[in-house]
Amino acid sequence: MNRNDRSIVGLVMAAHAMVHTYELSIPVLVPIWLEQFQVSPFVLSLVVSVGYGLFGLGSLPAGVLADTYDARTLIVGCLVGMGGSFLALTVAPSLWLIGVALLFWGVAASVYHPSGLSLISRGVEKRGTAFAYHGMAGNLGIALGPFVTLLLLLAFDWRIAVGLLALPAGAAALYATTVDIDERAAARAADGGADDRATGGITSLSGFLSTSRTLLASTFAVVFVLVMFSGLYYRGTLTFLPEILRDVPVLEPVTIGGREYTPGDYVYVGLLMVGVFGQFVGGKLTDRMPVEYGLLAGFASLTVVALLFVPATAVGLAAILVVAAALGFSLFFVQPFYQATVAEYSPAEARGLSYGFTYLGTFGVGALGAVVAGAALTFLDPTGLFVVLAGLAAVAAALAGVLVRRERPA
């Protein structure tokens with residue numbers, strides 16, 4: 001990678017890590033909120049899904065902004081907004097006001113993926129490698145966010161813990177304002193020096209509707225539906241997984257030195273850490289194989305893992321660790337593939353909007369996965385939940401098969 005590539009990758013890695021640090025610290029707080037506010041998993045899932053939903057729903061307007069304004073400005077706003085939202089959690093007196101704070105977090109976080117990913121796709125020449133490092137940084141946030149939250153909860157009340165978590169966002173925002181980058185270097189090189197924003201981006205409702213119709217009338221529509229199912233699986237799996245693992249007999253809480261520890265929480269963190277390798281391998285492979293085949297393999301694996309997860313908990317600790325590692329690897333292996341697929345199936349001048357639609361599907365529609373999980377755990381059981389998740393992954397695999405059979409756009 002050249003100097004500009006490295007600068008962009010450094011910026012998006014820092015921001016991506018922050019986004020997912022906050023996103024995945026929330027499930028660690030879910031068992032605490034269940035106990036403190038005495039509500040069912042279904043009720044809490046509705047509260048949590050508001051913020052998670054806006055994390056995705058806001059991606060569409062954020063995608064429009066990413067095609068019109070500098071990505072750096074949008075990323076700084078995202079970081080400041082997320083930090084402020086977590087500071088608001090420290091003083092929220094009720095579950096419903098916690099929901100409001102999470103709502104504002106979702107709005108701020110929604111800005112990142114369209115701006116960050118369009119920045120990579122238009123500014124970085126070694127795009128596949130950039131997606132790999134970008135994904136690894138996100139997974140470090142995904143794993144270290146819950147881990148740091150757990151450590152803070154050992155020493156502090158949960159409100160103080162989330163307040164301390166807000167501080168790194170300020171440091172990342174400061175870094176983002178100082179890094180020197182050329183946001184459209186790769187797009188200009190590919191187009192013989194032309195700037196893909198020369199047309200002015202999307203500046204009207206008619207322009208938004210026209211560009212959206214063009215995208216959704218193409219094979220991109222298949223990609224859009226695929227990422228919806230990916231998002232449902234992702235959120236449905238991770239939101240209540242710490243609570244599910246706490247109920248596994250060999251992972252029940254233990255008391256050491258007068259302090260209670262929950263082994264299931266650390267299995268959860270380990271699962272997310274394995275995802276770092278899934279992101280890296282997936283990102284590297286996007287430069288070495290057709291992305292459609294990577295999607296097909298990834299979602300087929302997720303189907304099998306979902307069906308094996310609950311049976312593994314009855315076998316023993318070794319089986320749980322193996323299946324959890326497979327889940328973590330496969331869950332994040334698919335992400336760089338669908339990120340690269342969006343770039344393959346959308347024009348550069350609408351790349352921000354394309355990623356906006358992508359994360360509308362992944363995190364907006366995908367937020368309903370939390371509701372699906374909460375309902376399954378309230379009215380069925382973990383086995384029923386993982387059967388549903390297997391069905392979602394199977395549909396995504398079938399859609400990847402559709403892409404394999406279709407001719408990629410020129």
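The values are calculated or read from the model by the stated rules, or taken from the named source; none is laboratory data. All values reported here derive from a predicted model rather than from experimental measurement. Ideal geometry is used to build each Cβ from the backbone, glycine not excepted, and the neighbour counts take in all protein chains shown.
List, please: which pairs have Cβ atoms under 6 Å, are six or more places apart or on different chains, and start with a residue in region 26-44 that is touching a residue at least 60 places away in the same chain (Cβ under 8 Å) and farther than 19 Å from Pro146 by Cα and end with one that is assigned to a helix (DSSP H, G or I) and of a type in the set (Gly, Ala, Ser)?
Listed by first residue and then by second, the contacts come to Pro41/Gly374; Phe42/Gly374; Phe42/Ala375.
For Pro93, work out the one condition from (1) without any contact (Cβ under 8 Å) to a residue 24 or more places away in the chain; (2) crowded, with 22+ Cβ neighbours inside 10 Å it doesn't fulfil.
The single condition Pro93 does not satisfy is (2).
Go through the residues of region 284-294 one by one and say whether even a single one is within 25 Å of Leu29 (Cβ to Cβ), buried (at least 17 other Cβ atoms within 10 Å of the Cβ) and either among the polar types (S, T, N, Q) or at pLDDT below 85 (or both).
Initially, region 284-294 is screened for residues within 25 Å of Leu29 (Cβ to Cβ), giving none.
No; the residues of region 284-294 include none that is within 25 Å of Leu29 (Cβ to Cβ), buried (at least 17 other Cβ atoms within 10 Å of the Cβ) and either among the polar types (S, T, N, Q) or at pLDDT below 85 (or both).
Only residues that are more than 15 Å from Leu241 (Cβ to Cβ), touching a helix residue (DSSP H, G or I) at 6+ places or on another chain (Cβ under 7 Å) and of a type outside the set (Val, Ile, Thr): list them for region 367-383, please.
Ala367, Leu368, Ala375
Please go through region 306-318 and give me each residue that is touching a residue at least 60 places away in the same chain (Cβ under 8 Å) and either within 24 Å of Glu125 (Cβ to Cβ) or not hydroxyl-bearing (Ser, Thr, Tyr) (or both), ordered by number.
To start, the set of residues in region 306-318 that are touching a residue at least 60 places away in the same chain (Cβ under 8 Å) comprises 306-307, 309-310, 313, 316-317.
Result: Ala306, Leu307, Phe309, Val310, Gly316, Leu317.
Give the residue, chosen from Gly257, Gly270, that is of a type in the set (Gly, Ala, Ser) and modelled with pLDDT under 85. Can you show your working first?
Working: Gly270 fails: modelled with pLDDT under 85.
From the options Gly257, Gly270, the qualifying one is Gly257.
What pairs come out if I take residues in region 61-74 that are in contact (Cβ under 8 Å) with a residue 60 or more places away in the chain and under 21 Å from Ser212 (Cα atoms) and pair them with residues that are of a type in the set (A, V, I, L, M) and in a loop (DSSP other than H, G, I, E, B) whose C-beta lies under 6 Å away, six or more apart or interchain?
Ala62/Val111; Val64/Ile202; Asp67/Ile202
For Leu60, indicate whether it is within 12 Å of Val111 (Cα to Cα) and touching a Leu at 6+ places or on another chain (Cβ under 7 Å). Spell out the reasoning first.
Values: within 12 Å of Val111 (Cα to Cα): yes; touching a Leu at 6+ places or on another chain (Cβ under 7 Å): yes.
Judged against the criteria, Leu60 is a match.
Sort out which residues of region 144-183 are closer than 27 Å to Arg6 by Cβ and not in a helix (DSSP H, G or I), and write them in order of number.
If the condition is that a residue be closer than 27 Å to Arg6 by Cβ and not in a helix (DSSP H, G or I), then Val179, Asp180, Ile181, Asp182, Glu183 are the ones that fit.
Tally the residues that are under 24 Å from Val227 (Cβ atoms), in contact with a Ser or Thr (Cβ under 8 Å, 6 or more places away or on another chain) and at pLDDT 80 or above, restricting the search to region 62-83.
Number of matching residues: 6.
Condition check: touching a Phe, Trp or Tyr at 6+ places or on another chain (Cβ under 8 Å), among the polar types (S, T, N, Q), part of a helix (DSSP H, G or I) and more than 14 Å from Trp158 (Cβ to Cβ). Does Ser49 satisfy that? Before the answer, list the steps.
On the way: touching a Phe, Trp or Tyr at 6+ places or on another chain (Cβ under 8 Å): no; among the polar types (S, T, N, Q): yes; part of a helix (DSSP H, G or I): yes; more than 14 Å from Trp158 (Cβ to Cβ): yes.
Criteria not met by Ser49.
Restricting attention to region 149-176, which residues are farther than 17 Å from Met82 by Cα and out of contact with any helix residue (DSSP H, G or I) (no Cβ under 6 Å at 6 or more places or on another chain)? Can you show your working first?
Pass one, region 149-176, residues farther than 17 Å from Met82 by Cα: 150-158.
Once the filter is applied, which keeps residues that are farther than 17 Å from Met82 by Cα and out of contact with any helix residue (DSSP H, G or I) (no Cβ under 6 Å at 6 or more places or on another chain), region 149-176 yields Leu151, Leu154, Ala155, Phe156, Asp157.
Here is a list: Phe277, Phe332. Which entry is within 16 Å of the chain's Cα centre (by Cα) and surrounded by fewer than 18 Cβ atoms within 10 Å (Cβ to Cβ)?
Details: Phe332 fails: surrounded by fewer than 18 Cβ atoms within 10 Å (Cβ to Cβ).
Matching residue, one of Phe277, Phe332: Phe277.
Do you know which residues across region 240-252 are modelled with pLDDT under 80 and in a loop (DSSP other than H, G, I, E, B)?
Hit for region 240-252 is Glu252, nothing else.
Name, by its number, the condition in (1) assigned to a helix (DSSP H, G or I); (2) in contact with a Phe, Trp or Tyr (Cβ under 6 Å, 6 or more places away or on another chain); (3) of a type in the set (Gly, Ala, Ser); (4) within 22 Å of Ala62 (Cα to Cα) that does not hold for Ala373.
With respect to (1) assigned to a helix (DSSP H, G or I); (2) in contact with a Phe, Trp or Tyr (Cβ under 6 Å, 6 or more places away or on another chain); (3) of a type in the set (Gly, Ala, Ser); (4) within 22 Å of Ala62 (Cα to Cα), Ala373 is out only on (4).
Look at region 17-46 and say how many of its residues are within 15 Å of Val107 (Cα to Cα) and among the β-branched types (Val, Ile, Thr). Outline the logic, then answer.
Step one: list which residues in region 17-46 are within 15 Å of Val107 (Cα to Cα), which gives 18-20, 22-23.
Restricting the remaining residues to those that are among the β-branched types (Val, Ile, Thr) gives 19.
The total comes to 1.
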